[in-house]
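Accompanying notes for the structure given below.
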Amino acid sequence: MFLSIDRPFLHWRSPASNVLLAAAMFFFAVSINLNPNLANAQSDSSDDTSEVVEDSPEIIVADPEPADEELNWMQRIDGAFGKYVVGPAAAAIFFDFGTSRWLGTSIPFVVVWLLAGGLFLTLRMGFINFRGFRHAIDLTRGVYDTPDEPGEVTHFQALAAALSATVGLGNIAGVAIAIGAGGPGATLWIIMVGLLGMTAKFTECTLGQLYRVSDKDGHVLGGPMRYLRAGLKDIGVEPLGRILAGLFMVLCIGASFGGGNAFQVGQSLEAIRGDIPVLQSMPWIYGLIMALGVGVVIIGGIKSIGAVAGKIVPFMCVAYVLAALYILLNNLTEIPHAVMTIVTQAFSPDAMYGGFLGVLVIGIKRAVFSNEAGIGSAAIAHSAAKTDEPVSEGIVALLEPFIDTVVVCTITALVVVVTGAYQAPEMADAIAADQGAKVTLYAFANGGHEWFKYVLYVAVVLFAYSTCISWSYYGERCWVELFGVRTSLVYKGLFLVFTVLGSIVTRGNILAFSDLMILGMSLPNLLGVFLLSGIVRRQLDSYWDKYRTGKLVRVK
């Protein structure tokens, strides 16, 4: 379904601007009012869920910092980022309604929201995550592709572009962070959420195709910012749709700067800087190099991003997985014990950070950060795929959480567990500082060969690079929808600034900001997806009937 779009979402003299500004002001006001002392608190941004204590959210205050005159310019930027951005936003998005007091573990609402969303959609769509798996592979192989279908990229390129945004440091660093914080048991919940996330990804990407539009230059614009507005208008709740779309776009732009950019740069830098002396004293050099590399690609838009991702993603996935499998084969006798440890600790009442519920929360957060199911980002990339069957692209999209979370994250987790990297005394500081890439690097170097660390170096840098270029597209599409296509270069310039900042702002604050924006995107997105799930189910039933009766034309 293609429509034409002539003007941006945000017009300074239109009611839409007032809605957006009101939503943004409301969100900010809530975050401040939940805890008025946050302006004086510095977030330690640990990935555990003990951030919320007592009756109201309270960010743990870090150790006293040196006096201002003792701080260098990089530390000043980092301190301001944590104080004025991370702290207030964390209070709103991770608000737990006092669950830390009556359950013994802080359970942020956003985590319950994501888990409930995955369960609801899996049931609503009749377990399409399992019954559509084989068909998804055929679609990705191009079995049903025809050259005259509308769109900008093929099924495979759309999948590669979306995977390049999800298969990244979340798989290398995020899994190690989860195991370090919650023990091996967190792995089981990462896998479970990955399976449920397949249906969430299917639903939102189908909606992205259903409500996509094209601008006057023929470029596709689709995703939650479109289906939240147009879809909810179709069911008679247009005002709600405008508010949700506006909030989503603001959060997506923030997420593109944080989790899709600065976090990637920061984690990859920490993995390699030990062997590159110049980066010890001048880490900004790495950020500048990454910014130049990203800038060259993102100028070309989704076609350029899809082409680059289509080459990088298969290569880096194969190299990383082969190295990991070699380590697992060398430790074959330890795998059964590792699996048993993962399963037993997932339900252990004595597990770290509040037992079963704590590990569950950690697993959900890291799984969502890894595969992005439910937050709506992938729908932006998949909306550009060439197809006249919206459901077909949704089915292709359900492969993402499987590849990203069920396969790659599980392999990483097994390597970290069988090598004992998460328990190594020399890794204690890295785990405490949420430097997950260092933990995985240790596992690769000690579980395989010393030179394996260079394989991981390449994988880390390429993962970070591919994630940055794909998230730049997500954020740019939201920016264009808000401010118009003429301001696209402004966004790209800001994105590259954050690429450099990723080498300056510390890992803790980057990780917190990434969680805040990415998890926050699920609030408006999933609400809209729930309301529109009936439309998707009807489209799915119609498409599946054609598939079962052989009415879909195979070209291969």
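The values are calculated or read from the model by the stated rules, or taken from the named source; none is laboratory data. If you're wondering where the values come from, they're calculated on a predicted model, not measured in any experiment. Surface areas here come from the heavy atoms of the whole protein model, side chains and all, with no ligands, DNA or RNA. Shrake-Rupley method; radii C 1.70, N 1.55, O 1.52, S 1.80 Å.
Taking the full set of protein chains and a 1.4 angstrom probe, give the accessible area of VAL497 in square angstrom, rounded to the nearest 10.
My reading of the accessible area for VAL497 is about 80 Å².
May I ask you to evaluate 6.51 cos²θ - 1.76 cosθ + 1.60, the Karplus curve with θ = phi - 60°, for each residue of the range 194-209 and list the ³J(HN,Hα) values in order in whole Hz, giving x for glycine and proline?
Karplus values, whole Hz, x for Gly and Pro: x, 5, 5, x, 4, 6, 4, 5, 4, 5, 6, 6, 5, 4, x, 6.
Given a 1.4 Å probe and heavy atoms of the protein chains only, how would you sort TYR84, TYR227, TYR454, TYR211, largest accessible area at the top?
On the way: TYR84 140, TYR227 0, TYR454 120, TYR211 20 Å².
I get TYR84, TYR454, TYR211, TYR227, largest accessible area first.
Scan around LEU221 for amide H atoms under 5 Å from its own, H built in the peptide plane at 1.01 Å from N, and keep only partners 5 or more places away or cross-chain.
VAL213, SER214, ASP215
So what J values fall out for the range 112-129 if you push phi through Karplus, 6.51 cos²θ - 1.76 cosθ + 1.60 with θ = phi - 60°, rounded to Hz, Gly and Pro as x?
Listing the rounded values in order: 4, 4, 5, 5, 5, x, x, 5, 4, 5, 4, 6, 4, 9, x, 6, 5, 4 Hz.
Any idea of TRP451's accessible area? Nearest 10 Å², probe 1.4 Å.
For TRP451, the solvent-accessible surface is approximately 140 Å².
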